[in-house]
Structures are given as C-alpha cells and as structure tokens.
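Each remark here refers to the structure printed beneath this line.
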Amino acid sequence: MFIQMTHAERSSIIHIKKEDVGMYRKNQWMALCGIIFSLMMIFSFIGCAKKAVNGSPGTASDKEVTSEVKVATSSEAKTDAAAPASAITEYVVKKGENLWWIAKYKDVYGDAYLWAIIYKANKGQIKDPNRIYPGQKLIIPRDGFTMKDIKKARKLAGAKKPYTPPQDSKPPIK
C-alpha cells in the first residue's frame with residue numbers, strides 16, 4: 001500500500017528529520033565538551049602542579065635537601081677538591097615537581113636529560129617515572145657511572161646527538 005503525500009508534506013518530514021539530526025549532533029557536541037571539561041578539572045588536581053616558589057630558580061631548596069657533608073682533614077681536602085661542595089645525595093620531592101626538573105637543578109645534575117639515572121636509582125619506590133609524589137625521598141647517585149652510561153641515559157631521555165652532557169652539568173661519573 002502506497003501512501004501519497006504532497007510535496008509540502010514530504011519536505012516538512014525531511015525538515016523535521018534534519019532538525020532531529022542537528023539536535024542530536026548538538027547534544028553530542030555538548031556531551032563531548034562536558035567530558036573534556038570534567039577531565040581538565042580532574043587532572044588539574046592530579047599530577048604535576050605549579051612549581052614551588054620558595055627556592056631560587058635552578059637550585060633545590062635547602063630545607064628539602066640533605067647534603068653530603070664531610071669534615072675533611074688537610075689530606076682529604078686536597079683529594080676531594082674536585083668534588084662539588086653543593087652536590088646533594090638525597091632529595092625530598094616537593095609538590096608539582098617531576099624527575100626532569102629535579103635532574104635540571106644546578107645542585108643535582110644541571111642536566112634535565114639525566115632524570116633516567118635518578119629513576120633507575122629509585123626504581124624500588126617509583127613505579128612510573130611520570131608520577132612522583134611530594135615527600136618522597138629520592139637518592140641522587142653521585143658516582144659509579146661511565147660516560148657510556150651517561151650517554152645511554154641521555155639517549156633514553158630523548159636528548160639529541162651527540163649524547164654528551166653540557167659543559168656546566170655535573171653528571172655522576174666515576
């Protein structure tokens with residue numbers, strides 16, 4: 001059975017259908033915007049937040065850092081003259097920091113690409129290198145690596161060739 005409709009009736013049905021489709025797409029768009037906004041709000045409170053302001057830029061705060069301090073005799077002072085006095089061996093993570101920033105601090109390594117060395121030294125307490133938490137005490141290795149190990153860590157971290165560290169950095173080389 002065929003129902004006959006006039007052209008006006010057919011166009012009004014098509015018009016209604018187009019309007020329904022447009023409304024459906026508008027609802028999809030609004031739902032997508034709502035999901036994106038919700039995710040942005042959730043992730044703004046998780047993970048990396050603003051950098052702490054209490055320390056000077058490029059150095060770690062003295063309150064949060066344990067320095068390796070030695071009382072040297074005159075013979076030890078001559079042999080340890082090459083070792084930097086501000087080299088830290090342990091670092092307490094502050095809110096908003098990540099391994100990249102910590103490795104970049106001048107009193108840590110001065111080279112952000114050496115974050116992989118800190119990660120490897122602390123694999124027992126860091127499951128994901130992208131997630132570290134305030135209050136974690138990280139061990140900062142100071143020696144025991146060859147230049148080959150340093151280049152490998154820099155390559156892993158995404159440094160460009162050549163993988164040698166910058167002149168002003170303090171890599172943990174034997």
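Just so you know, all these numbers are worked out from the coordinates, no wet-lab data involved. Since the model is a prediction, treat every value here as computed from it, not as a measurement. Heads up, the Cβs are rebuilt from the backbone with ideal geometry, glycines too, and the neighbour counts pull from every protein chain shown.
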| task | Look through ILE126, ILE102, ILE117 and report the one residue that is of a type in the set (A, V, I, L, M) and more than 15 Å from ILE88 (Cβ to Cβ). | result | ILE126
| query | Hey, among PRO129, PRO165, which residue is touching a helix residue (DSSP H, G or I) at 6+ places or on another chain (Cβ under 7 Å), buried (at least 18 other Cβ atoms within 10 Å of the Cβ) and either of a type in the set (Ser, Thr, Tyr) or not in a helix (DSSP H, G or I) (or both)? | reply | PRO165
| Out of all the residues in region 163-173, is one or more under 17 Å from THR89 (Cβ atoms), touching a Ser or Thr at 6+ places or on another chain (Cβ under 6 Å) and in contact (Cβ under 8 Å) with a residue 40 or more places away in the chain? | no
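Can you work out which of the residues in region 146-162 that are assigned to a loop (DSSP other than H, G, I, E, B) and aliphatic (A, V, I, L, M) is surrounded by the most Cβ atoms within 10 Å (Cβ to Cβ)? If you could, list the steps in order and put the result at the bottom.
To start, the set of residues in region 146-162 that are assigned to a loop (DSSP other than H, G, I, E, B) comprises 146, 157-162.
After this cut, where a residue has to be aliphatic (A, V, I, L, M) as well, the list is 157, 159.
On the way: ALA157: 20, ALA159: 18.
Among residues in region 146-162 that are assigned to a loop (DSSP other than H, G, I, E, B) and aliphatic (A, V, I, L, M), the one surrounded by the most Cβ atoms within 10 Å (Cβ to Cβ) is ALA157.
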